[in-house]
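Q: Got a structure here, written out as structure tokens. Questions coming.
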Amino acid sequence: MDDDIVYSALPSKSDEELEKGFVTAIIDQPKLLDELAKQLVTLNLAIPGLYATALKFMGGDDAVVESVPLKQTAMKLQRLGAVVAADG
């Protein structure tokens, strides 16, 4: 069995640059995941709107439920809050 001596040397400049690039890529992963999360949230918000728009175009006015005006919703929430406060 030959016991060859393995000599070591400093890494070359290209190897050092490659290693720096790998480290930078690992450090930047959270930023990329944040961007992905933003895009997924945007997509999740857009799909129901697109679906409702397609229903409205295909089925007419009766295909999509009209939204309740904001003032009516606020009044209902105030009444609900008053009921909960009275019960509590």
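Every number here is computed from the coordinates shown, using simple stated rules; none is lab data. Note that the structure is a prediction, hence the values are computed from the model and not measured. No Cβ is skipped: glycine too gets one built from the backbone with ideal geometry, and neighbour counts run over all protein chains shown.
Q: For a footprinting-style exposure proxy, rank 7, 51 by other Cβ within 10 Å, fewest first.
A: Exposure proxy ranking, most exposed first: 7, 51.
Q: Can you work out ³J(HN,Hα) from phi for every residue in region 16-26, in order, using Karplus 6.51 cos²θ - 1.76 cosθ + 1.60 and θ = phi - 60°, giving whole Hz and x for Gly and Pro?
A: Per-residue couplings from phi come out as 5, 5, 5, 5, 4, x, 5, 5, 4, 5, 5 Hz.
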